[in-house]
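Each remark here refers to the structure printed beneath this line.
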Amino acid sequence: MTVTFIQLFFAKTCFMASTLVVASLCLSGQAAVASDKPWDFDNNIYRKPLHESIENGGGNQELLNKKIQWDVCSDMAPSTDRMAFTVKVVKESQSSLDELRELFEDEWPTDVGDFEDDINRKKIELAFEMAELTNDDETSDESIVTQAAWDWCIAQDPKHFEGF
């Protein structure tokens, strides 16, 4: 079955809308109260030690890389869950998953030539592999897709995050 431009536009619009809703809830402070999940922005265990190191006149590249890694992984994890949910919705509507993959690769390029390619590639891979495990009744914080993305990302070498 071929996918029309309108179906692709709808899929991309739904994905972007869900991303905007999540972002606006987080920014407005109306999101779930104090998540104990590591991908919650405020749970970055490296932020305070890095700040203290800088205040004391020190600079610690390894600590900076770990702080950046935590922040990148905090974005990647719930984003991957929303991507997986989008894959599930498109699959259920019997639309073309190949075209959705192309849209994802346009939004999250995998051919730039840096470590971000690996992150984007993994997001897309997990979204397609774990789409059936998403549930529209749960938040990204509760999702095993979010947990899988977090686990992969945080296990990477912090040196890869230098320069993000």
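The values are calculated or read from the model by the stated rules, or taken from the named source; none is laboratory data. Here the structure is a predicted model, which means the values were calculated and not measured. Because the Cβ atoms are built from the backbone with ideal geometry, glycine has one as well, and the counts that use them run over all protein chains shown.
Conditions: (1) free of Cβ contacts under 8 Å to residues at least 40 places away in the same chain; (2) surrounded by fewer than 20 Cβ atoms within 10 Å (Cβ to Cβ); (3) closer than 22 Å to Lys37 by Cα. Ile68 meets all but one. Number of the miss? That leaves (1) as the condition not met. Filtering the range 97-140 to residues that are in contact (Cβ under 8 Å) with a residue 60 or more places away in the chain and touching a Gly at 6+ places or on another chain (Cβ under 9 Å) leaves nothing. Every residue in the range 42-93 that is farther than 27 Å from Glu105 by Cβ and not in a helix (DSSP H, G or I), please. Asn44, Ile45, Tyr46, Asn56, Gly57, Gly58, Gly59, Asn60, listed by residue number. Just checking, does the range 96-117 include any residue being touching an Asp or Glu at 6+ places or on another chain (Cβ under 8 Å), surrounded by 19 or more Cβ atoms within 10 Å (Cβ to Cβ), at negative phi and of a type outside the set (Gly, Ala, Ser)? The answer is no; no qualifying residue exists. Kindly establish whether Lys88 is charged (D, E, K, R), within 19 Å of Glu142 (Cβ to Cβ) and in contact (Cβ under 8 Å) with a residue 24 or more places away in the chain. In short, yes. Here Ala84 meets each of (1) surrounded by fewer than 18 Cβ atoms within 10 Å (Cβ to Cβ); (2) under 20 Å from Lys37 (Cβ atoms) with one exception, condition (1).
Residue-wise test of (1) at pLDDT below 95; (2) part of a loop (DSSP other than H, G, I, E, B); (3) of a type in the set (Phe, Trp, Tyr); (4) out of contact with any Phe, Trp or Tyr (no Cβ under 9 Å at 6 or more places or on another chain).
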{"residue": "Ile119", "(1), (2), (3), (4)": "no, no, no, no"}
{"residue": "Lys122", "(1), (2), (3), (4)": "no, no, no, no"}
{"residue": "Leu126", "(1), (2), (3), (4)": "no, no, no, no"}
{"residue": "Asn135", "(1), (2), (3), (4)": "yes, yes, no, no"}
{"residue": "Glu138", "(1), (2), (3), (4)": "yes, yes, no, yes"}
{"residue": "Trp150", "(1), (2), (3), (4)": "no, no, yes, no"}
{"residue": "Gln156", "(1), (2), (3), (4)": "no, yes, no, no"}
{"residue": "His160", "(1), (2), (3), (4)": "no, no, no, no"}
{"residue": "Phe164", "(1), (2), (3), (4)": "yes, yes, yes, no"}
